Amino acid sequence: AKYRLLGGSHQPLWHWQSDSTYYDQEFEHLTLTSNSSLYEKLCNPKSTQPPATSLAAGTGSAEYNAALSSAPLCQGSESFCDSNSLLEGRGVNEANPHNTIDDCTDGTDTTYDESVKKIVVSTMTGDDLRGGELVKIEATVISNRIGDVVDFYYTDDATSDPHNWLFITRVSPPVAENIVSVPNTDFPEITYTLPKCVSPEGCRQAVRVVLRSRRAESRHSNLSTRPKSTCESDKPYGIYDDADDLVFDVLPSYRAKDLCEFQTLVTLDENLLCDKRECAVDTVRVVEVVPGVYYEYIHAPCVYLPFYNNPVKLFAVWNNDIAMCGDKKLPSALSTCCGTYSDRLPNGFGSWADVLSEYRYERLTYKGNEDRCKAWDRSVCDPQRIGPFSGHTGHCFHRQSCRDTGGSTTSLIQTRFQWTTASCTILVKVQPDGTIAIIHEPERTQKILNKQ
């Protein structure tokens, strides 16, 4: 196996990739941990001292800060930042409304208690918050009904104006008071990588958590797609929403060249043990070794046989429009999982499937898809469709991209296939002139939607 250094670009050279700017780059690749054997091979770690800093030690306990438009602030370095009770309530019911660093205000309704109650940001390693560290966000919210959603954002500079908020993910929480997590038994945490900090004095960064109520969903922006705004409570349909920020100091980042001795081309001469999310994927495209440094996996040339045992149906386009046979042993298709949840979205349309990927356009083997669906408490299936695109169940939740699906009858390179449990037959057609064609006859268990 070979990996090629891309440097500071996360765009692959060998792989085709469309819609590359639609979602934030953090979902474009797989990020390695420092405990990973692959990290060791690609990084060649150096022994280095932490960057010098004048940032004093902190307590990790947030305090009210009027200079930040009432948003709670953790000053100094620590491994976590905890809002404690400062965010409890919504709007005028909060101790220091509106707890945001800009002009984003909460909904005006005081009848119901939907709210963001608490936010805690902490490193996954237990080290102090530092630019480039992987952190998790634990947001305690009070949700009133199935269909409420929670959006997560971050900004690299809480002192700038305007603020550059970047989207992390959207999650459908269970009803009642809960710490928001995704329904994945392997990786339930909401995580992101702290942006780079180059100042020796440290940097002041922030996260935002927005609870959007379904009470007025007919007028709300589509709750199953990526939100168009970080703050919609200024509109009439946002009267039940709650937006809260948490601001914290981070230490300056390590410089990539001080951490690793990078090589342009790395060849793996032995099998490596996987670590965490690496173990959940069947193949990779681009990996981030340290923040801002990427390698692309170069596939070894392979010959794929046109005939194989137990082929299954693959389909593309949300409505089963394109279908062919697929080899279960190869990473031939995207994750495709059916099923619903009793306490959160999706809780209806069980024959519709979601794409549950670890990175953009990730392809799995059939067994890999079975494992992925099991981890999400879902099931493999022969779905009626991939969806929705108009707002019913879970597609686009939990960091997934609606844009990963799709296909073209004229260009296979633009077609992303989905796994199914339906059968498929491979035939040979011999023409009178002696030429041979390979015919795929997929089981047509689902009608093509929107077709006569």
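The values are calculated or read from the model by the stated rules, or taken from the named source; none is laboratory data. No experiment lies behind these values; they were computed from the predicted model shown. Glycine gets a Cβ as well: all are built from the backbone with ideal geometry, and neighbour counts include every protein chain shown. Keep in mind that these areas ignore ligands, DNA and RNA; they rest on the heavy atoms of the full protein, side chains included. Shrake-Rupley method; radii C 1.70, N 1.55, O 1.52, S 1.80 Å.
Taking region 168-196 only, how many residues are touching a residue at least 40 places away in the same chain (Cβ under 8 Å), open to solvent by 20 Å² or more (accessible area, probe 1.4 Å), part of a strand (DSSP E or B) and under 26 Å from Gly89 (Cβ atoms)?
Final tally of qualifying residues: 2.
Limited to region 276-304, what total is found for residues that are open to solvent by 30 Å² or more (accessible area, probe 1.4 Å) and either part of a strand (DSSP E or B) or under 23 Å from Leu129 (Cβ atoms) (or both)?
The qualifying residues number 6.
Going through Tyr304, Tyr308 one at a time, which residue ends up being modelled with pLDDT of 85 or more, more than 30 Å from Leu265 (Cα to Cα) and aromatic (Phe, Trp, Tyr)?
Exactly one residue qualifies, and that residue is Tyr308.
For region 428-440: of the residues being free of Cβ contacts under 8 Å to residues at least 24 places away in the same chain and surrounded by 10 or more Cβ atoms within 10 Å (Cβ to Cβ), which is nearest to the chain's Cα centre (by Cα)?
Checking each candidate, the answer is Ile439.
Out of all the residues in region 77-89, which are open to solvent by 10 Å² or more (accessible area, probe 1.4 Å) and either part of a loop (DSSP other than H, G, I, E, B) or over 19 Å from Ile142 (Cβ atoms) (or both)?
Hits for region 77-89 are Ser77, Glu78, Ser79, Phe80, Asn84, Ser85, Leu86, Glu88, Gly89.
If you take the residues of region 197-212 that are assigned to a strand (DSSP E or B) and β-branched (Val, Ile, Thr), which of them is nearest to Arg145 (Cα to Cα)?
So the residue we want is Val210.
Determine the pairs where a residue that is within 16 Å of Leu5 (Cβ to Cβ) and assigned to a helix (DSSP H, G or I), located within region 39-51, has a partner that is charged (D, E, K, R) and open to solvent by less than 80 Å² (accessible area, probe 1.4 Å) with Cβ atoms under 9 Å apart, the partner being 6 or more residues away or on another chain.
From region 39-51, the pairs are Tyr39/Asp275.
Go through (1) surrounded by fewer than 15 Cβ atoms within 10 Å (Cβ to Cβ); (2) among the polar types (S, T, N, Q); (3) touching a Ser or Thr at 6+ places or on another chain (Cβ under 8 Å); (4) in contact (Cβ under 8 Å) with a residue 24 or more places away in the chain and name the single condition Asn93 misses.
The failed condition is (4).
Write out, first by first residue and then by second, each pair whose Cβ atoms fall under 8 Å of each other, whose residues are 6+ apart or on separate chains, and whose first residue, in region 273-294, is of a type in the set (Phe, Trp, Tyr) while the second is assigned to a loop (DSSP other than H, G, I, E, B) and open to solvent by 60 Å² or more (accessible area, probe 1.4 Å).
Tyr294/Gly8
Working carefully through the options Asp151, Asp109, find the one that is part of a strand (DSSP E or B), among the charged types (D, E, K, R) and either within 30 Å of Leu30 (Cβ to Cβ) or in contact with a helix residue (DSSP H, G or I) (Cβ under 8 Å, 6 or more places away or on another chain) (or both).
Residue meeting the stated conditions: Asp151.
Can you name every residue in region 238-257 that is outside any loop (DSSP other than H, G, I, E, B) and over 22 Å from the mean Cα position of the chain (by Cα)?
If the condition is that a residue be outside any loop (DSSP other than H, G, I, E, B) and over 22 Å from the mean Cα position of the chain (by Cα), then Gly238, Asp242, Val247, Phe248, Asp249, Val250, Leu251, Ala256, Lys257 are the ones that fit.
In the list Ser342, Ser357, which residue meets the criterion of being crowded, with 20+ Cβ neighbours inside 10 Å and either modelled with pLDDT of 90 or more or outside any strand (DSSP E or B) (or both)?
Ser357
Please specify each residue of region 157-193 satisfying the condition of being among the charged types (D, E, K, R) and within 25 Å of His29 (Cα to Cα).
Those that are among the charged types (D, E, K, R) and within 25 Å of His29 (Cα to Cα): Asp157, Arg170, Asp186, Glu189.
Can you tell me how many residues in region 319-338 are modelled with pLDDT under 90, open to solvent by 20 Å² or more (accessible area, probe 1.4 Å) and part of a loop (DSSP other than H, G, I, E, B)?
1
In region 430-439, what residues are closer than 17 Å to Tyr308 by Cβ and either in contact with a Lys or Arg (Cβ under 6 Å, 6 or more places away or on another chain) or at pLDDT 95 or above (or both)?
Result: Ile439, single match.
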